[in-house]
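Enquirer: The structure's right below; bear with me while I get my questions together.
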Amino acid sequence: MHIVVCVKQVPDTKIIKINPKTNTLDRRSAPAILNPYDAHAVQAAVKVKEEYGGLISVLSMGPPQAVEIIKKSVEIGADGGYLITDRAFAGADTLATSYALFKALDRISKDKPIDLIICGKHAIDGDTGQVGPGIARRLDIPPITNVIEISDIDLKIRKVRVKRKIINGYERIETGLPCLLTVEKEINPIEYSPLPNMIRAARYQPVIWAVSDLDEVDRTQLGLKGSPTIVGKMFTPPKPEGGHVLEGTPSEQAGQIVEVLLKNKELFSVN
Amino acid sequence: MQENRGVWVYIEQNEGKIEGVSLELLGAGRKLADKLEVPLAGVILGDSIRHLSDEVIYHGADEIYVIEHSVLKQYRTESYMKGVIQLAEAYKPEIFLYGATPNGKDVASAVATDLSTGLTADTTMLDVDVEKRLLEASRPAFGGNIMATILCKKHRPQMATVRPKVMKALPRDSSRKGRVIEEKMDLREEEMRTKVLEIVKDVTKPGLADAHIIVCGGKGMGDERGFQLIHELADVMGAGVGGTRDVVEAGWIGHDHQIGQTGETVTPKIYFAIGLSGAIQHLVGMKNSETIIAINKDPHAPIFGVSTYGIVGDAHEIVPLLIKQFKEAFKKGGEKTHA
Ligand SMILES: Cc1cc2nc3c(=O)[nH]c(=O)nc-3n(C[C@H](O)[C@H](O)[C@H](O)COP(=O)(O)OP(=O)(O)OC[C@H]3O[C@@H](n4cnc5c(N)ncnc54)[C@H](O)[C@@H]3O)c2cc1C
Ligand SMILES: Nc1ncnc2c1ncn2[C@@H]1O[C@H](COP(=O)(O)O)[C@@H](O)[C@H]1O
């Protein structure tokens, strides 16, 4: 069983800062991290491997520094990783990203056929969640999004069952292998990395490929050139009016709010 | 590209019921279509769903494309995607909108790849440049208080998923007439790789989306213990409890309670925003609430920009006062009605 997890290096958006004059990202303010959802995706692969055995590879497209998140994935339990890095990939939107990753997956599968691909639900810098389904379409394998549980993998009849989150509930789905799953955080907690993994990760060097290492790449589909969407403009949202700030002592202010509430008694579901 | 014409809305139905976001998109799509002077069309797929086409027209569409097939009984990416692509290739819309629900995002992502076109995710503002016939799909970006407008200049259709509850549906008008276009599709159950074994709806707890009052707390509550005040205030009113992403990540409350861009979008009658700053990603999830009451110790917190009533003060002081006075007043009020 060969599982490939797609992992992305993202700026830690919790501490990211925007330069208000230029409306651009202040990169120095944002350390790069493994996309949190992808950490859960790697952990999910580790769980699958614990039960069914196999090999976990991670794949990332990004700058040379993205080696760090592949090492991080090895810490969590991946066996190895591939980084595709090239100027030609720069500026890719989701369509161009899924194309590049598809080409890399194609190359990987020539050495080691792939049974399962796992992606995060979305990357926290763009929040799109489109890359996973895009890869699946290009490989013509079933994409299943919003997965919260993986079970019943049967390598003989090549089937897997998953739970998928939907509005107000979930559905249980059976699909064929290979397939691509995008996972929610609920799928599993991140566990402490065992010491041997940490030691291995520290020394680990992933396979690094440029565009020229991939087969039959249509360069017009890569990077900025291959991206149908562009950012037109950045703007601060129109400032809403806002209401009035209350006055008086804290107790008086609380009183005013209670008055507002009591006008809406029908809303309370208490007796 | 010249030939692409018309604004389309993907109508999501689950078990024969149209999702609210689809009707909202018909409202938003109507404006775009009028500006561009083109028809607005809905697209609906399913099994025995023909009767829903009138509803789509009553909510603003001029046309509705319908594909009925027994294989489409339940949503599956592979079958639904195929139908949508078939329609888009045959009739070539210039703009195509989907609700940003799990299934809406799922189908849109697959369709965009096959049509080799751009897809903007989780849009919260829509407009159109009439001269260039360009959809301007805007969404919050990065971590700051900033919006980015995404354009798709050279590819058609221009596609976007749109957050539920940020656009407004038109009032239902049952006198509206429209054209129904029924399409056939070649689908065989034996060829499907995916099977839906079971659908489980959690009906026991009404989602935040249905709550009339929501009390939402942020990082300013200090710690998990401080956050208990949010639960207490919610309890006295029987309200739903929400949290900001920071609070969810800190583990003070579960994912299901996150409100904002990457959580739920809510529009309750009363929304309490307590000890939260009002970051853009949070605001897009709650700013359409009817009455917003904000409590924050920083008078410059952006949340005051959207609040109906603002209290500048320490949540740890104000909230217990609120609970106490509310309990007293409510009890008195209750006695009065009994007398
Ligand atoms: C891609 C992306 C998606 C995101 N999605 C979401 C989302 O869905 N939902 C979401 O909420 N956020 C989301 N965020 C995060 C968002 O940008 C903010 O970081 C987050 O909303 C801030 O949470 P907060 O208001 O609780 O914390 P803070 O911003 O730290 O605000 C705390 C506030 O509490 C006030 N305060 C402190 N002490 C007290 C006190 N004793 N009494 C009263 N007030 C006090 C402070 O003045 C401050 O205003 C997202 C970010 C990114 C980049
Ligand atoms: N540059 C990338 N390298 C590897 N995986 C990626 C990359 N971009 C996106 N992904 C994968 O696709 C998922 C969704 O990303 P997105 O569509 O950008 O929100 C992520 O969680 C990753 O698993």
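Enquirer: Can you work out which of the residues in the range A:143-162 that are over 18 Å from the mean Cα position of the chain (by Cα) and of a type in the set (D, E, K, R) is nearest to the other protein chains (Cβ to nearest Cβ)?
Expert: If we take residues in the range A:143-162 being over 18 Å from the mean Cα position of the chain (by Cα) and of a type in the set (D, E, K, R), then A:Arg161 is nearest to the other protein chains (Cβ to nearest Cβ).
Enquirer: May I ask you to list pairs of residues, at least six apart or on different chains, whose Cβ atoms are under 9 Å apart, with the first in the range B:306-321 being farther than 8 Å from A:Gly243 by Cβ and the second being charged (D, E, K, R) and surrounded by fewer than 16 Cβ atoms within 10 Å (Cβ to Cβ)?
Expert: B:Val306/A:Glu241; B:Val312/B:Lys297; B:Val312/B:Asp298; B:Gly313/B:Lys297; B:Asp314/B:Lys297; B:Ala315/B:Lys297; B:Val319/B:Glu232; B:Pro320/B:Glu232
Enquirer: Does B:Asp202 satisfy the criteria of being open to solvent by 60 Å² or more (accessible area, probe 1.4 Å) and outside the structural domain of B:Gly313 (by TED's automatic domain parsing)?
Expert: yes
Enquirer: In addition: If we scan the range A:126-139, do we find a residue that is charged (D, E, K, R), within 16 Å of ligand 1 (Cβ to nearest atom), at pLDDT below 95 and in contact with a Pro (Cβ under 7 Å, 6 or more places away or on another chain)?
Expert: Among the residues of the range A:126-139, not one is charged (D, E, K, R), within 16 Å of ligand 1 (Cβ to nearest atom), at pLDDT below 95 and in contact with a Pro (Cβ under 7 Å, 6 or more places away or on another chain), which makes the answer no.
Enquirer: Then there is this: Tell me, which strands (runs of 3 or more DSSP E) wholly within the range A:174-271 include 3 or more residues that are at the interface with chain B (Cβ under 7 Å from one of its Cβ atoms)?
Expert: Result: A:229-235.
Enquirer: Check off (1) touching a residue at least 24 places away in the same chain (Cβ under 8 Å); (2) facing chain B (nearest Cβ under 10 Å); (3) within 12 Å of ligand 2 (Cβ to nearest atom) for A:Asp127 and give me the number that stays unchecked.
Expert: Against the list (1) touching a residue at least 24 places away in the same chain (Cβ under 8 Å); (2) facing chain B (nearest Cβ under 10 Å); (3) within 12 Å of ligand 2 (Cβ to nearest atom), A:Asp127 comes up short only on (1).
Enquirer: Counting just the residues of the range B:242-253 that are assigned to a helix (DSSP H, G or I) and touching a residue at least 24 places away in the same chain (Cβ under 8 Å), which one comes out farthest from the other protein chains (Cβ to nearest Cβ)?
Expert: B:Val247
Enquirer: Then there's this: Would you point out which residue out of B:Val284, B:Val306 is within 25 Å of B:Gly207 (Cβ to Cβ), more than 9 Å from ligand 1 (Cβ to nearest atom), in contact with a strand residue (DSSP E or B) (Cβ under 8 Å, 6 or more places away or on another chain) and not assigned by TED's automatic domain parsing to the domain that holds B:Lys165?
Expert: The conditions single out B:Val306.
Enquirer: Being in a strand (DSSP E or B) and of a type in the set (D, E, K, R) is the filter here, so list the residues in the range A:126-173 that pass it.
Expert: Answer for the range A:126-173, where residues must be in a strand (DSSP E or B) and of a type in the set (D, E, K, R): A:Glu149, A:Asp152, A:Asp154, A:Lys159, A:Arg161, A:Lys163, A:Arg164, A:Lys165, A:Glu171, A:Arg172.
Enquirer: Same structure, new question: Look at A:Asp152 and say whether it is on the phi > 0 side of the Ramachandran plot and within 14 Å of ligand 2 (Cβ to nearest atom).
Expert: no
Enquirer: So, in the range B:206-241, how many residues would count as being assigned to a loop (DSSP other than H, G, I, E, B) and either out of contact with any Gly (no Cβ under 6 Å at 6 or more places or on another chain) or not small (Gly, Ala, Ser) (or both)?
Expert: The qualifying residues number 7.
Enquirer: Which of the residues spanning the range B:96-126 are of a type outside the set (Gly, Ala, Ser), open to solvent by less than 10 Å² (accessible area, probe 1.4 Å) and more than 19 Å from the chain's Cα centre (by Cα)?
Expert: Within the range B:96-126, B:Val111, B:Thr117 meet the criteria.
Enquirer: For the condition closer than 20 Å to A:Gln43 by Cβ and within 18 Å of the chain's Cα centre (by Cα), what is the one hit in A:Ile199, A:Ile190?
Expert: A:Ile190
Enquirer: Shifting gears a bit: Looking only at the range B:61-82, decide whether some residue is within 23 Å of B:Ala137 (Cα to Cα), buried (at least 24 other Cβ atoms within 10 Å of the Cβ) and away from every other protein chain (no Cβ under 14 Å).
Expert: Scanning the range B:61-82 turns up at least one residue that is within 23 Å of B:Ala137 (Cα to Cα), buried (at least 24 other Cβ atoms within 10 Å of the Cβ) and away from every other protein chain (no Cβ under 14 Å).
Enquirer: Mind listing whichever residues of the range A:77-121 are more than 14 Å from chain B (Cβ to nearest Cβ), basic (Lys, Arg) and within 10 Å of ligand 2 (Cβ to nearest atom)?
Expert: The answer is none; no residue qualifies.
Enquirer: State the number of residues belonging to the range B:86-95 that are in contact with a Lys or Arg (Cβ under 9 Å, 6 or more places away or on another chain) and open to solvent by less than 10 Å² (accessible area, probe 1.4 Å).
Expert: 3
Enquirer: Moving on. Return the residues of the range B:1-37 that are under 17 Å from B:Arg176 (Cα atoms) and either touching a helix residue (DSSP H, G or I) at 6+ places or on another chain (Cβ under 9 Å) or surrounded by fewer than 22 Cβ atoms within 10 Å (Cβ to Cβ) (or both); say none if nothing qualifies.
Expert: Across the range B:1-37, the qualifying residues are B:Leu23, B:Leu26, B:Gly27, B:Arg30, B:Lys31, B:Asp34.
Enquirer: Given the criteria within 30 Å of B:Arg139 (Cα to Cα) and basic (Lys, Arg), does A:Arg107 qualify?
Expert: Here the answer is no, as A:Arg107 does not meet what is asked.
Enquirer: Select from the range A:130-147 the residues that are in contact with a strand residue (DSSP E or B) (Cβ under 9 Å, 6 or more places away or on another chain) and either among the polar types (S, T, N, Q) or more than 17 Å from A:Ser60 (Cβ to Cβ) (or both) and list them in ascending order. Give the steps one after another, and end with the answer.
Expert: To start, the set of residues in the range A:130-147 that are in contact with a strand residue (DSSP E or B) (Cβ under 9 Å, 6 or more places away or on another chain) comprises A:130-137, A:139, A:141-147.
Matches in the range A:130-147: A:Gln130, A:Pro133, A:Ala136, A:Arg137, A:Leu139, A:Ile141, A:Pro142, A:Pro143, A:Ile144, A:Thr145, A:Asn146, A:Val147.
Enquirer: Just need a number here: residues in the range A:223-249 that are at pLDDT 90 or above, out of contact with any Phe, Trp or Tyr (no Cβ under 8 Å at 6 or more places or on another chain) and buried (at least 18 other Cβ atoms within 10 Å of the Cβ).
Expert: Of the residues in the range A:223-249, 3 are at pLDDT 90 or above, out of contact with any Phe, Trp or Tyr (no Cβ under 8 Å at 6 or more places or on another chain) and buried (at least 18 other Cβ atoms within 10 Å of the Cβ).
The values are calculated or read from the model by the stated rules, or taken from the named source; none is laboratory data. Note that the structure is a prediction, hence the values are computed from the model and not measured. FYI the Cβ positions are ideal-geometry reconstructions off the backbone, even for glycines, and counts take in every protein chain you see. Protein only, heavy atoms only, side chains kept; ligands, DNA and RNA dropped before computing areas. Shrake-Rupley method; radii C 1.70, N 1.55, O 1.52, S 1.80 Å.
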